[in-house]
Amino acid sequence: MSVAATNHLSAEATAPAPIASFRALRRNFGETIALADCSFAIEPGEIHALVGENGSGKSTLIKILSGILPQSGGELVWNGQVANFDNPRAAQKAGIATVFQETLVLDQLSVRDNVVLGLDHLFRRVLSNAEETRLVRQALDTIGMATLGTETPVAALSLAQRQGVTIARALLRPWRLLVLDESTSALDVDARDRLFEALRRFRAEGRSILFVSHRMDEILDIADRSTVLRSGRSVATLTRGQTSTETLLELMSTHEEAEAAEGAVAAKIRRAIGAPVFEAKRVAIRAESAAFDLTVRAGEIVGIAGLEGHGQVAFIEAIAGLRRPARGAVETERGAVTSFGNAARAGIAYLPRERKTEGIFAPLSVLDNLTIAALRRFSHFGLLAEARRRAEGARLIKQSHVVAPGLTAPVAALSGGNQQKVFLGRQLALRPRALVLNDPMRGVDLGAKQDIYKILEQFASDGGAVLLLSTELAELCLLCDRVAVFHNHALFAVIGRESLDAQALIAAMFGQAAAAGRQL
Amino acid sequence: MNWLRHRLDVLAPFAIAVGLFVVTAAVIPGYGNLVSIRSLLLLASLLGIASAGQTLTIIMGGIDLSVPAVIGLACVAFAVAFGQGVSPFIIGPAVIVAGIVIGAINGLISRTLRVSSLIVTLATSTIIYGAIWANTKGDNRGSVPDFVTDFVSVIGWTGPIPLPGSVILWILLVVVFVVLERRSVLGRWSYASGANPGAAELARIPSLLLWTVVFAISGGLSAVAGILLAGFSSAADPQVGDAYLFTTLSAVVIGGTPIIGGRGGYARTIAGCFIITELTMLLIGLGLDEAAQQVCLGILIVMLVAIYGRESHVRMQI
Amino acid sequence: MTLKIDRQAYYWPALFGFAILFFANFVANPIFVSHDNWRPVLLGAAPFIITTWAQTVPIMSGNGDLDLSVGPLAGLVNAIAAVTLPSLGLTDPFSMITIALGIGVASGLLNGFLVTIVRVQPIIATLGTFLTYQGLTLEVLPTAGGSAPPWMRVISGESFGVPGIVWVFVIIAVLWWLLGKTAYRRNLLAVGGDIRAAYTAGVNVTAVRIVAFVIAGVLASVTGLVFTATLGSADPTVGAPYILTSIAGVALGGVAFSGGRGGLLGAAAGGALLFLIENLFSLAQVSIYYIQIAYGSILLAALALNSITDRIRRRKAAAALV
Amino acid sequence: MKPWYVAMRAAVLLATAAFVLGLAGNSGKAANAPPAPAAAEQQTAMAKLPAETRPNYDHYWYFAPIYDNPYQNWTPPPPPWQLCFNDSMLGTSWRTDLYNELKKLNAQYHAAGLTKAEVLVTDSNNNINVQLTQFNNLHRQGCTVIFTIPSNPVGLCSGMHDAHEQGVLVITVQAAAECNDAINIGGNGYVAGKVLAQWVADAINHRGNVLILSGVPGISTTVSLEAGSKDVLAKYPEIRLVGTVYGFWNEATAKTEMVKWLATHPQKLDGIIAYGDMSVAADEALRQSGRPLAMQADGTNECAYIAYWHDKKLHSLSGNAGGGSMGYEAFLIAIKMLFGQKPIVNTIWMPPSVIDDARAAQLYQPSMTVTSTCWADPPDHHLIADSYFDQFFEGGKPVEPKPNP
């Protein structure tokens, strides 16, 4: 398939009839209902936002739309006819290209192989190597990654680039509806803007985009219409005029949560800053990059920001003892951090980024998932003091605001947000002096976010130290006492609360010293 | 109905085990009698003891193909040494320790190299067989103390209980294992690292220790099985364990512990052991010859797993 | 998928080991390389190599796929080719080869069906077929016997100036190379690398895995024909030993058991290694009791080597993610 | 779940079920005898043999064919001769004894400057394909004589043919080659099977249930033994052959299989025909299943059985050629041929060596226990007087020095 074909498609797509519409769509897994009643339509040539908390059914809807799951009831009407896609391939044939939340790429294969993957038949290839290379370049260019070598193995790519690959993969299909499920979370500001430009171009061509995001700014920025899902039901579809953060929050969250949100935003307790918990001394992330110091004290929340792949991840992993910095050392009052093990002994708990692959033990109970890291505390000669373990579990559930049917329920039955809170609770169970968090709010619904904010505030005001890496600037501004901004694998600026706002952060992330009100 | 679907994987094996017994008893005259039942119990217990370690390694996300080799080693070492006049109370423990060490090595290697324990244990077992031969030169003169033979005799008694010792040992083993799985640090760690190996290390689970210990347990129990089989055949025979390579595996999986790990448990393997033993008995009872027995066993294993041991579809993993 | 020298390639350790052992055999007994020795040596090595090839493809498709039935299937085909077909008067090359390969395809479809559609864990599914085939072999051929039709000298003897078995290797290699030109290789590596990625991208993962098992079945049945040619007869026990050697060969060949990495070159070297070790010991008159010890140790060494190279690879990747 | 999918799975399950039942139905009928040659052919074959030895060749085709001497035009090379042993599985004491005997005798002739110092040996761990490669290696390593125990009678033929053509003497020991490229020395499994069965039949007064406790299914030894036994049992209408259990010549397997079999076959068992080293296991299985012991004949001469026999005051019959003895007889044939004597046929068989109660008493020594794995051979390792073989040979020089077992 080539660009000509896609133009041809878009030409006929200018018909008024909706390109896709859902009629009372329903899906349940056993007793649990993931999608109760979802009805709305996507017009040709519109960018349609789909908003809702995790567990509100967005992902399920998208899986049905892209042929991964069959629906349990209701109708999916595609281009005028009722459609049932048996598998992703069928959906793609029909003209639906999906970018999933998870960056599903193949490390061993080259960028080109990753992007064109699935176009081929079992044996027959539809494109020559030359054509493939050309189209892949083209697709990557639309998200500003034209520089990416088409033959480089994906193993050597940064997370942002990997997500770029998945997006390019979708763009390469001859699509009439592009589905983006939280696909911009890992992209840096620059790449995201390029993507949005492209989306607007596609819209102009009369093609449609279904866009899922937890970032209000993004939704307000590009969505023509927004459909809100709440607990598996489509509660409203707003036009651009009607859309505003407040109304969306109102619609997607039950009232308490909305208030809680404002509450948290309002709350800004001053905390007592205590002694240093850990200090990065003359640390250099790469051999060639500049060394720097950073001290985190009891009772403060220090943010970490930076464009994807500028060394901030490596830095917090060094703090957590997962890797050694090129130069320098991480000091605590219980000695230097040299390994993941002794970081724990020094009281540093680390929350990895990928909940699914690095965090949750799906078949195990909530209790196990909470206490697994701290089991030794409850063991006499290897046997568990179950009563004490359960007590601790109950305490952790309260402390981390987990909503669960019970301690023994399998954690897989919980919503994504609650799983994330369980995951965080596991770190709290270690009774750490410092929490090192790698983007804990990534792809978490608002309610859960608010809870996590509270947990962190509480932890800090109890005299703990928090090092929070986040890709959401608003969040950093909201929570942090200071934000350390990374640029080119080195600490570029530390922005104190007084001058802390999105503009300052962005400026610093792009390495503009003056604008950042730089202070080191 | 829904409840049933959820419980199916737990109930089905036991239901089938009972069903098989009833069917066999109906088809084959005199199968219901006491001796037959005791034979069944004895053979199942031998398989059960050999499968215990296998179950735990599989839950943890590993697999132990060295079970037969360790059984063979233990059998030969025990019988030969006793034949040369070494006290069974010295050689017995020594053999079990050897099994534990071999297991520990399996775990250590698989974990430090991060390679499939399937292939590692395959390698170690070839080494073990080689070692047995190199030492015995194929000439295994050995004998077994009577109390071991009685321990695994169909009509053996354990004190006042009309069951051979190995059956009692099996029952104890089940209790110990269920506690180990549910109520011990080791058990929970095993399930966790089987469920999500990527997360285990980050959840502060000492994987190297865990793998070493679990494989050591497997090795030790294989050694025990080896000693029992030495008693059963009252001879030193390196090949004695061969039958247990695939039967232990089938018992675990048919019992309902998926090979991918993180789920299941030893309680289910009990059902697996009975099913396997009953199946072979039924086929022999029907007068099937060697060839037909193999064919049927093959088909039935697959059918049983197909009924309730199925893996989830890709679409459910996304 | 171009033919360029890749210094990172998975197969170098295997080829290196192969070279060393080849030389060792030569030293142990110079006859080893004498021209009239090629044919028996290659015929001896063939089952090791071809069954390893058969095992490689399912293992490359990942998800715990492996085929325990390759050995017994080879045995079954051996029995059918040497006993059943002659008794039916089918001894011409065409019908024998088509039927043999047909059996291979059927077996592959069965294994693939059980693994992908019935979704039984591969190790159990193929354990089932493995037992079944062994039983069927004994039904067909209770005791060793039967005979190979004359045309099979093309394989067992010399043809076109080289041992006929060489042509079997060449044909398989060429077909595999051609397969690499198609989309299948990419699909296979994708499914092996991460089945979820492949599935969402629109790859027909079920078909890919089934085809992998079919290839395994076909190669196994080729081994069966080679047995028939080499032995000039059939033996019901001939296949079984090659289950474990094929798995070991795959490991020696540096093919990743997690799937997504490997190929027939490394596998061939791995399979040949096993044969060379074996051969070396019998040439050097080292007490046979030590062969197995050597097997195991070398296998462990190979695993260590592979995992080290792997770790280096991974560290590079991690550095890139900084 | 789509209907076609359900239908497909149902179909598969039904098919397999039907298959299982089908097997259960027709199993056991898996009769597995090589086709008997035409009567005329049998007579010409038998005619080649010395008259008094013919009974030893009864139903010879189960185990080996009878041809004219393939080495008729073979002229032995000048000494020193290189002796080689191509074994299929050196992992049993029987095979080790045989190998040691060959080494011992070879040393004697090496002292006389007639043979090389070493006996080259290979072991294929029962992998016929590997054994063939090793066989080929051996004859390229300059062996004059290759003693071999092929794991099947046909698999090595291509190698034997090459070796034969290049003037290497191939001798199969207690086994056979279907092709006429080797000299076969040993005993006739069919006859042994007959003798054991006949004793059991008589011991139970030609009435009752008999079980065959066999070795490894599908190898020619087992097949010929079973054939012999079955033919005898068939003569007695009141004897029922109630089953065949395969113990793989392995106590553990034998006992396990027996226990399973007994548990599923309640009927009385009167006689057991065992093919070696498994009857002790059978007795234990019976005893532990609370069954009366059965009349047993066991084709073995293992010390363990002799001791058991003595301890339990059994009435039984057994018999077998120990590895050491077979080694001697094989070596004798080889050396005769190396001295230019020519056999009249390719297959040289001895009468079955039978151990009855009296003979067992003689063979018993206090050193023997129920677990010793030695072989109760005649002290002089002569299964039969050397003169027995003279009737098979013609021409050549007398062997000098004589081998001293």
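Okay, here's what the table says:
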{"read-out": "Computed Kirkwood radius, in angstrom, where 1/r is averaged over Cα pairs of the stretch A:132-190", "value": "11.9 Å"}
{"read-out": "Nearest 10 degrees, 0 to 90: helix D:3-26 Cα axis against chain D principal axis", "value": "70 degrees"}
{"read-out": "Residues of the stretch D:44-60 with amide N under 18 Å of the 7 Å Cα→Cβ point at D:GLU394", "value": "D:44-54"}
{"read-out": "Alpha-carbon centroids, the stretch B:263-309 and the stretch A:278-317: separation in whole Å", "value": "59 Å"}
{"read-out": "Translational diffusion of the protein assembly as shown, µm² s⁻¹ [Kirkwood Rh, Cα pairs; Stokes-Einstein; 20 °C; 1.002 mPa s]", "value": "60 µm²/s"}
{"read-out": "Peptide C:32-45 - average C-beta neighbours from other chains (10 Å radius)", "value": "3"}
{"read-out": "Descending principal axes extents, the stretch D:97-173, alpha-carbon based, whole Å", "value": "36, 28, 17"}
{"read-out": "Semi-axis lengths (Å, descending) of the ellipsoid that matches the C-alpha gyration tensor of the stretch B:47-122", "value": "27, 13, 10"}
{"read-out": "³J(HN,Hα), Karplus 6.51/-1.76/1.60, whole Hz, each residue of the stretch C:191-198, x for Gly, Pro", "value": "4, x, x, 7, 4, 5, 4, 4"}
{"read-out": "Within chain A, percent of DSSP bridges classed antiparallel, to nearest 5", "value": "55 percent"}
{"read-out": "Listed peptides A:123-130, B:167-174, B:219-226 by packing density, highest first (mean Cβ within 10 Å)", "value": "B:219-226, B:167-174, A:123-130"}
{"read-out": "Long pairs among A:LYS58/A:LYS356; B:LYS137/D:LYS116; D:LYS235/D:LYS313; D:LYS194/D:LYS255; A:LYS63/C:LYS181, criterion Cα-Cα beyond 22 Å", "value": "B:LYS137/D:LYS116; D:LYS235/D:LYS313; D:LYS194/D:LYS255; A:LYS63/C:LYS181"}
{"read-out": "Of all DSSP beta bridges in the stretch D:189-318, antiparallel share, percent nearest 5", "value": "0 percent"}
{"read-out": "Under the span-like rule (Cα at least 30 Å along the axis, Kyte-Doolittle mean at least 0.0), DSSP H helices of chain B", "value": "B:2-27, B:34-59, B:88-113, B:207-233"}
{"read-out": "Given charges at Cβ of Lys, Arg, Asp, Glu: the stretch B:84-222 dipole, positive-most of B:PRO162, B:VAL95, B:THR212", "value": "B:THR212"}
{"read-out": "Angstrom value of the Kirkwood radius, inverse mean 1/r, which spans all Cα pairs in the stretch C:94-198", "value": "17.2 Å"}
{"read-out": "Separation in nanometres of the label points that stand 7 Å from Cα toward Cβ, at D:GLN141 and C:SER159", "value": "3.2 nm"}
{"read-out": "Nearby aspartates and glutamates by direct alpha-carbon distance to D:LYS402 (threshold 17 angstrom, same-chain neighbours under 8 apart not counted)", "value": "D:GLU101, D:GLU329, D:ASP380, D:ASP386, D:ASP390"}
{"read-out": "Inter-chain Cβ neighbour average for residues B:22-33, partner chain, 10 Å", "value": "2"}
{"read-out": "Nonlocal amide H pairs with D:ARG240, under 5 Å, H built at 1.01 Å", "value": "D:GLY208, D:ASN209, D:VAL210"}
{"read-out": "Alpha-carbon centroids, the stretch A:346-365 and the stretch B:19-80: separation in whole Å", "value": "39 Å"}
{"read-out": "Tilt relative to chain D, helix D:303-312 - C-alpha long axis, 0 to 90 degrees, to 10", "value": "50 degrees"}
{"read-out": "Antiparallel bridge percentage (DSSP; both residues within the stretch A:3-252; nearest 5)", "value": "55 percent"}
{"read-out": "Förster radius 41 Å - calculated FRET efficiency between A:LEU220 and B:VAL174 (Cβ-Cβ, nearest 0.05)", "value": "0.10"}
{"read-out": "Added length on full extension, which subtracts the Cα-Cα distance from 0.36 nm per residue, D:ASN205 to D:ALA107", "value": "30.2 nm"}
{"read-out": "Cβ-based charge dipole, the stretch D:224-350, positive-most Cα from D:PRO292, D:ILE239, D:ALA307", "value": "D:ILE239"}
{"read-out": "Evaluated over chain D, the Cα radius of gyration and Dmax, each in Å", "value": "23.2, 84"}
{"read-out": "Order by protection proxy (mean Cβ within 10 Å, highest first), peptides B:76-85, A:352-361, D:108-117, A:390-399", "value": "B:76-85, A:352-361, A:390-399, D:108-117"}
{"read-out": "Distance between modelled label sites at D:LYS313 and C:SER287, nm, 7 Å Cα→Cβ extension", "value": "4.4 nm"}
{"read-out": "For the stretch C:12-317, size of Cβ-based charge dipole, Lys and Arg +1, Asp and Glu -1, in debye", "value": "1200 debye"}
{"read-out": "Proportion of all alpha-carbon pairs of the stretch A:84-130 beyond 17 Å (%)", "value": "46 percent"}
{"read-out": "The stretch A:3-252: relative contact order in percent, alpha carbon pairs under 8 Å with at least 6 residues between", "value": "28 percent"}
{"read-out": "Fraction of alpha-carbon pairs over 35 Å apart in chain B - percent", "value": "20 percent"}
{"read-out": "Relative packing of peptides A:196-206, C:226-236, B:277-287 - highest average C-beta neighbours within 10 Å first", "value": "C:226-236, B:277-287, A:196-206"}
{"read-out": "Magnitude of the charge dipole, chain B, Cβ model with Lys/Arg +1 and Asp/Glu -1, debye to 20", "value": "1020 debye"}
{"read-out": "Segment A:GLN512-A:ARG388, extension gain: residue separation times 0.36 nm, minus the distance between their alpha carbons", "value": "39.3 nm"}
{"read-out": "Cβ-derived FRET efficiency at R0 22 Å, A:ALA204 paired with A:ASP141, nearest 0.05", "value": "0.80"}
{"read-out": "At R0 = 60 Å, FRET efficiency that the Cβ-Cβ distance of B:MET316 and D:THR92 yields, to 0.05", "value": "0.70"}
{"read-out": "In nm, spacing of pseudo-spin labels at B:THR158 and A:THR357 (7 Å Cα→C-beta vector)", "value": "4.8 nm"}
{"read-out": "Between the stretch D:126-198 and the stretch C:102-178, the Cα center-to-center distance that results, in Å", "value": "27 Å"}
{"read-out": "Size of charge dipole - chain A - debye, nearest 20, with Cβ of Lys, Arg +1 and Asp, Glu -1, no other charges", "value": "1200 debye"}
{"read-out": "Peptide-level mean, for D:244-252, of C-beta atoms on other protein chains within 10 Å", "value": "5"}
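Every number in this text was worked out from the coordinates using simple rules, so none of it is lab data. Here the structure is a predicted model, which is why all the values come from computation and not from measurement. All Cβ positions, even for glycine, are placed from backbone atoms using ideal geometry, and neighbour counts span all protein chains on display.
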